[in-house]
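Below is one structure, written out as structure tokens, with a few remarks after it.
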Amino acid sequence: MIYVHIPFCRSFCTYCDFYSEVAARCSRNDEERFGQYSEALSREISLRADEITADDNTLYIGGGTPSVLPLSVFGRLVSVLEEAGHGGPYDEFTVEVNPEDIVEKGEGYVEGLLDLGVNRISMGVQSFDDDILRWMNRRHDAGTAIKAYAILENAGVRNISIDLIFGLPQLSDTQWTDTLKKALEVSSRGDRPQHISSYQLSVEPGSALNMMVEKGMWEEASDDLCEHQYHILCEELRKAGYAHYEISNFALPGFEARHNSAYWHHKPYAGFGPGAHSFIFPNVRQWNEPDLQAYLKAGRNGDFSLVQGRETLNEEQLMMERVMLGLRTSAGLEGGVLERCCDASGLDRALSDGSLVCTENGRVRIPEDRFFISDAIITELI
């Protein structure tokens, strides 16, 4: 199970705090940086190949904005993984893209990704309302997102996920239901997106949004409004036939994200690139510092120890992580896991008041109508 972080974006969204550096279109300097980054990434993968497990044969390239990269960088990455003994075909090979990159680069670019083994695309749409998109400082409008989706389909992509954001005070019910309607009807072929991820807007330290809040230029939506918008989301996607298999994720039958599902089931994974995290079996959490220049230097020196941090988790910490991740999903956890690591009175209380329910196969989960307050429920348990 492999994650690769691409630390480049054309511009920064209002809400984003993911590590990334600005990469200008058609800049010779940035083309050189892409090449340097490819070299450093190749070196890291080669040096850490033994950390990659074969338990879940997935590759996820995220960011940042991976679709700013030329196909040559993806090709180099695939080749290095093959040389390290972890090449495809992958059960799931996902690349994150932005709509404007797909429209600019066209079907040939998407076909090139498919030729390299990509079989799933995750596109950051966020909204189909142009006013909301401008506020988010997205570089595309609704029309561009629709064009990009058509390009993906025409190129042969048959597993497409789109991201949407809710939890804005200026997002009216009409705007939100219209965005969901357009999301469900985005396909020119009449198909629905195979997967939809929808996240509540949060104010993250270091983001432009955080600065706006501190200066009194913007006020967060109330919990009641966010819960109302989440309810609309769940109801509309339920009616459209989606399985709500994780708090923020919905899929048509058979299209649940394998890579992300492995995270939630607490399986080991190897993350490469600045800012990437890894979980090394059985109990080591490791990460790369979010510093591109330091990462490039480490690549030239062939020593990534100076940009790496790690933590060894004890049994209690591992169990807590397993509970926090597992209860995010509709599958829940085995009842015995909760009994071993949760306060007995808190567990009994959650079961009696409906915060937790038992499933037919003996597992315990948070019911969908309590997903929105899952953090509070989990906190009470642990």
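Figures for the structure shown
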| item | result |
| --- | --- |
| Rg/Rh ratio calculated on Cα atoms of region 1-77 (Kirkwood radius) | 1.00 |
| Residue 311 versus residue 55: modelled label distance in nm, points set 7 Å from Cα along the beta carbon direction | 1.9 nm |
| Residue-level accessible surface for residue 1, protein heavy atoms, 1.4 Å, Å² | 0 Å² |
| Protein-only accessible surface order, largest first, of 101, 348 at 1.4 Å | 348, 101 |
| Span per principal axis, largest first, for the Cα atoms of region 334-373 (Å) | 26, 22, 15 |
| Value in Å of the Kirkwood radius, where region 190-291 supplies the Cα pairs that are averaged | 16.8 Å |
| Summed residue charge, Cβ within 11 Å of residue 340's Cβ, Lys/Arg positive, Asp/Glu negative | -3 |
| FRET E, pair residue 353, residue 174, Förster distance 35 Å, beta-carbon r, rounded to 0.05 | 0.50 |
| Local electrostatic count, residue 154, Cβ distance below 15 Å [Lys/Arg +1, Asp/Glu -1] | 0 |
| For region 142-173 and region 206-228, distance of Cα centres in Å | 24 Å |
| Dmax and Rg, reported as Rg then Dmax, of region 231-301 (C-alpha, Å) | 17.7, 55 |
| 15 Å beta-carbon shell around residue 94, net charge (K/R +1, D/E -1) | -3 |
| Check: region 61-148 dipole with +1 on Lys, Arg Cβ and -1 on Asp, Glu Cβ, in debye | 180 debye |
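The values are calculated or read from the model by the stated rules, or taken from the named source; none is laboratory data. From a predicted model like this one, the values you see are computed outputs, not experimental measurements. With ideal geometry, Cβ positions are generated from the backbone for all residues, glycine too; neighbour counts draw on all protein chains shown. Remember, those area values only see protein heavy atoms, side chains included, never the ligands or the DNA or RNA. Shrake-Rupley method; radii C 1.70, N 1.55, O 1.52, S 1.80 Å.
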